[in-house]
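Undergrad: The structure that follows is given in the form of structure tokens.
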Amino acid sequence: MKCPSCSTDMESGFMYVRGFGGALFWAKTKDTRFFSRRGLEQIDVSRLSVGGAGAQAVLNAARCPSCATIAFKGH
């Protein structure tokens, strides 16, 4: 897979999301307040984890060794 930022070959690996109830959120803006969920889309890590999700989820991911961009599929 080529990096979408710099076109370098990406390294295959895993991304670890730790913490009970650990969640990832995505938004189009950078100014959502901590206690707000307005404009945030939750990424269900339990569906993406390669070994279930409890205290941690393990997601298939790729990382660019050049610019450190990380990519994973969210659906």
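The values are calculated or read from the model by the stated rules, or taken from the named source; none is laboratory data. Just so it is clear, the model here is predicted, and its values are computed rather than measured. Positions of Cβ are backbone-derived with ideal geometry, glycine not excepted, and every protein chain shown enters the neighbour counts.
Undergrad: Being of a type outside the set (Ser, Thr, Tyr), part of a loop (DSSP other than H, G, I, E, B), within 16 Å of the chain's Cα centre (by Cα) and modelled with pLDDT under 85 narrows it down to one residue among Gly22, Gly54; which is it?
TA: Going through Gly22, Gly54 in turn, the sole match is Gly22.
Undergrad: Before we move on, is Val58 surrounded by 15 or more Cβ atoms within 10 Å (Cβ to Cβ) and touching a residue at least 40 places away in the same chain (Cβ under 8 Å)?
TA: It is true that Val58 is surrounded by 15 or more Cβ atoms within 10 Å (Cβ to Cβ) and touching a residue at least 40 places away in the same chain (Cβ under 8 Å).
Undergrad: Please specify each residue of segment 57-75 satisfying the condition of being under 22 Å from Ala27 (Cα atoms), touching a strand residue (DSSP E or B) at 6+ places or on another chain (Cβ under 9 Å) and part of a loop (DSSP other than H, G, I, E, B).
TA: Passing the criteria: Thr69, Phe72, Lys73, Gly74, His75.
Undergrad: For segment 25-51, enumerate the residues that are over 23 Å from Met10 (Cβ atoms), more than 11 Å from the chain's Cα centre (by Cα) and either β-branched (Val, Ile, Thr) or part of a strand (DSSP E or B) (or both).
TA: Thr29, Thr32, Glu41
Undergrad: Find the residue count for segment 10-43, including only residues that are charged (D, E, K, R) and either loosely packed, with under 11 Cβ neighbours inside 10 Å or without any contact (Cβ under 8 Å) to a residue 12 or more places away in the chain (or both).
TA: Matching residues across segment 10-43 total 6.
Undergrad: Please enumerate the residues belonging to segment 29-75 that are of a type in the set (A, V, I, L, M) and under 17 Å from Pro4 (Cβ atoms).
TA: Selection gives Ala61, Ala62, Ala68, Ile70, Ala71.
Undergrad: Output the residues belonging to segment 63-75 that are touching a residue at least 40 places away in the same chain (Cβ under 8 Å) and under 10 Å from the mean Cα position of the chain (by Cα). Working first, answer last.
TA: Looking only at segment 63-75, we keep the residues that are touching a residue at least 40 places away in the same chain (Cβ under 8 Å), and these are 63-67, 69-72, 74.
Hits for segment 63-75 are Ile70, Ala71, Phe72, Gly74.
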